[in-house]
1. Ordered by residue, what ³J(HN,Hα) values in Hz, to whole numbers, does segment 632-638 give under the Karplus form 6.51 cos²θ - 1.76 cosθ + 1.60, where θ = phi - 60° and Gly and Pro are x?
2. Amide H of VAL229 versus every other amide H placed in the peptide plane: which residues, excluding those fewer than 5 positions away on the same chain, fall under 5 Å?
3. Using the charge dipole of the chain (Lys, Arg: +1 at Cβ; Asp, Glu: -1 at Cβ; taken about the Cα centre), state which of SER632, THR555, VAL200 has its Cα farthest towards the positive end.
4. With label points built 7 Å along Cα→Cβ from the Cα atoms of ASP76 and LEU140, find their separation and express it in nm.
5. Would you work out if segment 97-202 is rounded, prolate or oblate? Take a ≥ b ≥ c from the square roots of the eigenvalues of the alpha-carbon gyration tensor; rounded if a/c is under 1.5, else prolate when a/b is larger than b/c, oblate otherwise.
6. Can you tell me the relative contact order of the chain? Whole percent, Cα pairs under 8 Å, sequence separation 6 or more.
7. Mind listing the phi-derived Karplus ³J(HN,Hα) values for segment 736-747, rounded to whole Hz, using 6.51, -1.76 and 1.60 with θ = phi - 60°, and x for any glycine or proline?
8. Using alpha-carbon pairs under 8 Å, 6+ residues apart, how would you state the relative contact order of segment 557-654 in percent?
Amino acid sequence: MLIRRPLRQTTIWRGGATLANLHKSLTQAIVRRLTLLVVACGLPVCGAHAQKVGVALSGGAARGLAHIGVLRVLEDAGVPVDLITGTSMGSVLGGLYAVGYTAAQLDTIATTEDWTRLLTDPVDRRDLPVDRKATEDHYLVTLPIHRGGIQLPQGVVAGQRISQLFTGLTWSAHGIRDFRELPIPFAAVATDLETSRAVVLDHGFLPDAMRASMALPSVFSPVVLHDTVLIDGGVIRNLPAQDARALGADVLICSDVTDPLEPRDSIVSFVDVLVQSVSFRVWDSEAEQRRKCDVVIIPDVREFSTFGFNRAHEVIARGEAAARAALPDIQAALARGSRGASRPRPPQPPRTPLVEPESVRVTSVRFDPPNLAPSGLLARTLGLKPPVWVSPRDLDERIAHVYATGVFENVRYRLENGELTVLLRERAAGRFGVGLRYDSRYKASVLLSSTVGRGAGGGGVSGQADVRLGQQLQAIAAVRQPVGDGRAVMLRAATEFARSPFDLFEDGHRVAQARVDLGAVGLSVARSLGTAVDLSARVKTEYAHWVEDVSAVATPDVDRLFYTVAGIGQLDTYDRGVFPRSGVALRAVTEWGNRLGDGGGGAFSHNVAELVAYLPLFRRVSLWTGGTVGASGGDPPPHYLFSLGGANRYYLFPDRDFAFVGYHAQELRGRHVQKAELGVQWELARDVVARARWNAGTALDHWTFDPASYVQGAGVELGLRTFAGRVSLSASGNAHTTWPIIEIDLGNAF
């Protein structure tokens, strides 16, 4: 595998080393060991046996980072490490140490990684196609549909980002199948989910072994290796001492952060009872494993939480302190071991840090298995045309694009001799989603959504059914079929029913309430241009019934049966869907319609364009600005009129209802709309924002452009991004309001 190297060493490389670097490291290690033997024996050739020093690292999640401090002390003291084993977090650190990372490099990884992203598996919004961006923030929870029923997932986190991290950090070992051939021989321990037996992983693909060993039950999805379903090795053997002995350790140093059993007065909830009962199995093997160690180092990390990765510095320091206190015992164990060897071994030279490659030459690409999705779609999404030089960061981003299609449970890769193998695991064929929200105008709403089939990313036919319950009712059934070699063109057929109330205002006061009932059947074709642009054309037949439910004056109902032809263009580069910090969004719609049969009404047109852009000014401060222009011609149905009002957008009619602070929802209505807005957003803390905005605009029955006649409004908002969606409290007003308009928005937008 050809590489380009930088001119200087780096402290850490997130992408790992290259195969060429590994060969160099192996050669240096062989020469170094031969030299040490010659020095120790005083002869050109010496057959004397030298003791092997092994290190066993326990599982312990964030507490396991203490092992880094232990390894640092061993390095500083010149203690040799001839082999290493690990369970769970111990397997992660042990595997990286075996590849060639120093303790200092592991420290940098642990303290600079975004553990929140690693442990929650978010998909970067900019990797999603435009149609998925519009719906990604709709759901509170999504569940797989398997064998015709809704199932709970095998784990809360699929582990995609963890797998990508391990793959990037172990480039140098992608071609090594026997872990005993690593610069330091290595083995990890996992648990067979079917038999509850320990599985020693000492061969295969190193990133998979590390990922399987740390598959914490119910948190991370299990890993399937060679038809065996594996979970966290800590379930059966949290301290892999016997595995280090089996690998050949004569002197064994163990670092153990296994949680002790809790005293009776600390067990106060059913969760405590569950954790304690699970710990029984762990502690069944602890005493036996510790007896196999010559030295057991027990860092004092009990006060740290299981997922307290934000305190990595402190945890590592505790490991370092415990190892320094154990140095006399370590030296004594080494001295005892040396008496059993023919010759004592010289001190271990300092470890050489890995060197970061600039790029790697990929000569071919292969997908495994090859039939999970059309080859044209996969090639287009990956966007890699060999032969080509690719950097670690670029390759990681391209793999993320494939994962963002939503077709695969996880996407990994292997680099070997210039061949890039993309490893795919299929997601369940269906998904069921639930969305919840509450807003000041329409109160509580529920969204139920189900998707069956392989979907657009899978290249096959998929069906979707959505039901929205609340004051605004909506039911949609749709079938989609991607076409073309790259599956960039989507055909869609849909039928829809909707019911929504409309508030009618006069001089700032609500004077009536109307209701519209809609039924529609439509066909559309959409063309995706990358992940930011989507162009579509739609033909639709619609029946609308408009009635004023509450009115001082009796008005006749309006019934319309008509067809429309529309063109829609969308651009979306927002970094996130809720309170974005950067990016641009543009939606433009041109629609032309006419009556069908002898129904009322005549021909009409509906044209609108909305542009909003967010510009980061400082690390926590963003400025946003936007504008909306819309115009109708002919005789549009009543529900096609534009409306302005409310601090929050309502999504049942996204091309007609627009937010406008200082006025109530739908307070301003007309055949034409003009709006400009300007705002500033300040991120007070992680996921907590304060916003202030000003807008000016008008809704007109006759088109004219006169900014001097625009009404204006201003508002402030305090918002929070949560796992359940947006939480927002806003206050707004205009020059004529006595009291501010207070609005609440809770949950996902749909």
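1. For segment 632-638, the Karplus curve yields 10, x, x, 10, x, x, x Hz.
2. Here the answer is LEU193, GLU194, since their amide H atoms fall under 5 Å of that of VAL229.
3. Going by the charge dipole, the pick is VAL200.
4. Going from the ASP76 label point to the LEU140 one covers 5.1 nm.
5. On the way: a/c = 2.63, a/b = 1.48, b/c = 1.77.
Oblate, because a/c is 1.5 or more while a/b does not exceed b/c.
6. On the way: 1874 pairs, mean separation 85.7, N = 750.
Over the chain, the number comes to 11 percent.
7. 10, 7, 8, 10, x, 8, 9, 9, 10, 9, 10, x
8. Details: 186 pairs, mean separation 22.3, N = 98.
Worked out over segment 557-654, it gives 23 percent.
All of the numbers you see were taken from the coordinates with simple rules; none came from a lab. These numbers were taken from a predicted model, which means no experiment stands behind them. Please note: Cβ atoms are built from the backbone with ideal geometry, for glycine as well, and neighbour counts cover all protein chains shown.
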